[in-house]
Amino acid sequence: MTIRDRGVRTRALPPLGGDAPGLLLAALGVAAALAVHQAVPAVPKLTAAVVLGMAAAHLPGLRPVVRGVARPGLSTAGRRLMRLGIVLLGLKLGLGDVVGLGWATVAMVIAVVAATFAGTIWLGRRLGLPGDQPLLVATGYSICGASAIGAVSQAAGSEEEDVAASVALVTLCGTLAIAVLPLLHQPLGLGEAEFGRWVGASVHDVGQVVATAQTGGAGALREAVLVKLMRVVLLAPLVAGVAVAVRRSRRGATATVGKRPPIVPLFVAGFLAMIVLRTTGVLPERALTLAGDAQELLLAAALFGLGSAVHLPTLLRTGGRIALLGLASWVMVAGVSYAGVLITT
């Protein structure tokens, strides 16, 4: 594009395009989420990021930007930054931590994840939810909230709208758990350690687990984090299983369908490699702290991008059914994990 000034022909600067506007908006969203968390510590950073992304998508002044020039970068944040965040999530885990839980607790966690995952998918199909919504909701409730939804959606090639709706639902229920579960601590007759295990086995996001379990004391917090991280370990085999199912569904398809996904996606291999690296003990505590901070920032940017893809009119059309699925899955994971804690105590 050119302009003329006093008879001199000059070339105008190209407009800012590509991913840059969306990534810049995501960075501003992360800064706003950090400010919200600083002002109200009870609101986790990742929850704030999702809500702010949804707000940006519907504010009259920002809506044209979010749906226009910023859309490519926001979609990139929701995909690629999510993958990087999941890789770094592996540094929170050590094989020794999982073994230290004891085989009874490990078996309980596996049973909770399997029952919640299978039950949620079955109910979601019965309710007639579209696309990958049953799969994604099941993943979020059974494993680790929005991070798990992002990982499985990459392997399944899910539509952005399905991912956004599932993230919004699991984030809402996880946030409600912060207020509801502590009220049930004493009525359910749970000790400090038992309450922590229940929270770790039933609450979705790691940050939400910490916020909920800390109300029960230091012992509850430790047990909750260990059980929660055990659930995170199960993310890798779940994603691999989804990838295998997708490969089988595409077997025999023409080349126009696209390349089949790998059985173990690269970011899942990176996640497992980070677990091994953490287990070796070669990384200093400072490096682990910095990696943890980077992981939160990456996931916050990714969740802001996913939140900005939520279209409330579309969500409301299936809102009753997906809300029912979310409520049922929430009750399911809480009930099965409570029974598991009682059995293994």
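The values are calculated or read from the model by the stated rules, or taken from the named source; none is laboratory data. These figures come from a predicted structure and were not determined experimentally. So basically every Cβ, Gly included, is an ideal-geometry build from the backbone, and we count neighbours across all protein chains shown. What goes into the accessible areas is simple: the full protein's heavy atoms, side chains included, and nothing from ligands, DNA or RNA. Shrake-Rupley method; radii C 1.70, N 1.55, O 1.52, S 1.80 Å.
Here are some notes:
- Out of Val242, Val227, Val233, Val209, one residue alone is of a type in the set (A, V, I, L, M), touching a residue at least 40 places away in the same chain (Cβ under 8 Å) and touching a Lys or Arg at 6+ places or on another chain (Cβ under 6 Å). It is Val227.
- Count - residues of the range 31-64 that are touching a Lys or Arg at 6+ places or on another chain (Cβ under 9 Å) and over 14 Å from Ala302 (Cβ atoms): 5
- Total residues in the range 269-287 satisfying the condition of being open to solvent by less than 50 Å² (accessible area, probe 1.4 Å) and either of a type in the set (Ser, Thr, Tyr) or under 9 Å from Leu93 (Cα atoms) (or both): the figure is 2.
- Considering the conditions (1) open to solvent by 10 Å² or more (accessible area, probe 1.4 Å); (2) in contact (Cβ under 8 Å) with a residue 40 or more places away in the chain, Gly85 is excluded by exactly one of them, (1).
- Residues of the range 88-108 that are over 20 Å from Glu285 (Cα atoms), in a helix (DSSP H, G or I) and open to solvent by 20 Å² or more (accessible area, probe 1.4 Å): Val99, Gly100, Trp103, Ala104, Ala107.
- Of all residues making up the range 63-76, the number that are touching a Leu at 6+ places or on another chain (Cβ under 6 Å) and assigned to a helix (DSSP H, G or I): 1
- The residue that is modelled with the lowest pLDDT, counting only those in the range 170-199 that are surrounded by 19 or more Cβ atoms within 10 Å (Cβ to Cβ), farther than 16 Å from Ser337 by Cα and out of contact with any Leu (no Cβ under 8 Å at 6 or more places or on another chain), is Thr175.
- Set Leu316, Leu290, Leu297: member being assigned to a helix (DSSP H, G or I), open to solvent by 70 Å² or more (accessible area, probe 1.4 Å) and either within 16 Å of Thr171 (Cα to Cα) or modelled with pLDDT under 90 (or both): Leu316
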